[in-house]
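A.B. asks: Take a look at the following structure, please.
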Amino acid sequence: MAPRKPATAFTAVSDLGAAGSSPAHLAANLERLIVAEIRTSVMIWGPPGIGKSSVVAQVAAAQGLELIDLRLSQLAPTDLRGLPVAADGVARWYPPEFLPQSGKGVLLLDEINMAPPTMQGIAQQLILDRRVGNYVVPREWFIWAAGNRAEDRASVFEMPAPLANRFIHFDVQADFASWKQHALRSDVHEAIIAFLAFRPTLLHHLDESRPAWPSPRSWVMASQLHGAGMSVASAVGLPAAAEFAAYLEVYGHLPDLDAICQGRVNPAFPTEPSARFAVVIGLAIRATTPDTMRHALIWIAEQAPAEWQSAFLMDLVRRARELGHGSALATSIRETPALRDRVAEFRDLLLG
């Protein structure tokens, strides 16, 4: 096997402007490509653990497309090209069953630059010609690829310039705002979300000296461990786990958020910053009906400073829209005296 070379400048695409940035921005760009039926191959660059393949899966599902996710670093050339079979004195290549034969979808060639050069050569045929051997990619399928960068300490091979030049390149970075939106829709424990709202730099912190380190992916695993009453150190490493454990001491002394959502108590808004993050996240998670949203909104409007009102409203508006309560929330905002003058500030979110 040839020695692995440092990745070239094709992996350093941080100056892409509209093509780069957060997972949410990546999702928006991928959706635009689908809507515009732009089937030029796409290369998604980014550090490990930030959810590149998850974004692709979510976009494909949202657009009603099938997804085939191939991890090229785990395949041999014959796995992708197929096997030669003699027929009438001629060797014909029989394609593998996992390649699409019909319909509409996304063929994701993941870990493409971790695959050895021979494997990249086969993938290059798919990308450049939309075919390999006797197999032809159906017209309604998009071919996208993903990979890590050399600076992420990933064991990557150099991508050939002709192959790189055939891609539309998107660079994606870990972004707490994007991750929080996903986490609020999922079963990620609210203590994890609140902690990372307080310490967003710990969302992704590569530590090459440890096998476990914080990433959007590993924090989801940490949420599962925390929910089972276990330490999160085995998922995110000891330093991050120690900070999270210290944060839980604050988290255990929060106001009764369920009672606030029921309108039964009216405590003072916390003064400690980490507790404030925990309160606004916890209320956004618990307020799932028009009534609980209204009670939480009234309490925040009466007790919280303006910047924390804004932080809470941003999360609550998104939650209300996802749950189909956008109109009811808009009414509550208009009927809450402390927020009445700020309806225009959130109109785009409510109507978006």
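A.B. asks: List the helices (runs of 4 or more DSSP H) that sit entirely inside segment 166-234 and contain at least 1 residues that are surrounded by 15 or more Cβ atoms within 10 Å (Cβ to Cβ) and of a type in the set (S, T, Y).
C.D. replies: In segment 166-234, the matching helices (runs of 4 or more DSSP H) lie at 176-185, 216-227.
A.B. asks: Output the qualifying pairs, or none if there are none: Cβ atoms under 7 angstrom, residues six or more apart or on different chains, first residue in segment 290-301 and among the small types (G, A, S), second residue assigned to a helix (DSSP H, G or I).
C.D. replies: Hits for this filter: A296/I260; A296/C261; A296/L283; A301/Q309.
A.B. asks: Just wondering, is there one or more residues in segment 188-197 that are under 15 Å from V280 (Cβ atoms) and not aliphatic (A, V, I, L, M)?
C.D. replies: Checked against the condition, which is being under 15 Å from V280 (Cβ atoms) and not aliphatic (A, V, I, L, M), segment 188-197 yields at least one hit.
A.B. asks: Can I ask one more? When you scan segment 48-151 for helices (runs of 4 or more DSSP H) that lie fully inside it, which ones turn up with 2 or more residues that are touching a Leu at 6+ places or on another chain (Cβ under 8 Å)?
C.D. replies: 52-62, 117-129
A.B. asks: Conditions: (1) modelled with pLDDT of 90 or more; (2) exposed (fewer than 14 other Cβ atoms within 10 Å of the Cβ); (3) not in a helix (DSSP H, G or I). P337 meets all but one. Number of the miss?
C.D. replies: (1)
A.B. asks: Let me ask something else about it. Quick one: which of E302, E307 is over 20 Å from A197 (Cα atoms) and assigned to a helix (DSSP H, G or I)?
C.D. replies: E302
A.B. asks: Just checking, how many residues over segment 147-184 are at pLDDT 85 or above and in contact with a Ser or Thr (Cβ under 6 Å, 6 or more places away or on another chain)?
C.D. replies: The total comes to 5.
A.B. asks: Testing R130 on (1) on the phi > 0 side of the Ramachandran plot; (2) assigned by TED's automatic domain parsing to the domain that holds M314, one condition comes back false. Which one is that?
C.D. replies: All conditions are met except number (2).
A.B. asks: Could you please let me know if L99 is under 30 Å from S186 (Cβ atoms), buried (at least 18 other Cβ atoms within 10 Å of the Cβ) and modelled with pLDDT of 80 or more?
C.D. replies: No: the conditions fail for L99.
A.B. asks: Let me ask something else about it. In this structure, does N113 turn out to be without any contact (Cβ under 8 Å) to a residue 24 or more places away in the chain and not aromatic (F, W, Y)?
C.D. replies: The answer is no for N113.
A.B. asks: Which residue is surrounded by the fewest Cβ atoms within 10 Å (Cβ to Cβ), if the candidates are limited to segment 33-47 and must be part of a loop (DSSP other than H, G, I, E, B) and in contact with a Phe, Trp or Tyr (Cβ under 6 Å, 6 or more places away or on another chain)?
C.D. replies: R39
A.B. asks: I'm told L109 meets every condition in (1) farther than 23 Å from A36 by Cβ; (2) within 21 Å of the chain's Cα centre (by Cα) except one. Can you identify the failing condition by its number?
C.D. replies: L109 satisfies every listed condition except (1).
A.B. asks: Are there any pairs with C-beta distances below 9 angstrom linking a residue in segment 72-92 that is touching a residue at least 12 places away in the same chain (Cβ under 8 Å) to a residue that is exposed (fewer than 13 other Cβ atoms within 10 Å of the Cβ) and in a helix (DSSP H, G or I), with the two at least 6 apart or on different chains, and if so which?
C.D. replies: A76/T118; P77/T118
The values are calculated or read from the model by the stated rules, or taken from the named source; none is laboratory data. Predicted model, so just to flag it, every value in this text is computed and none were measured. Counting neighbours? That spans all protein chains shown, and the Cβs are built from the backbone with ideal geometry, glycine included.
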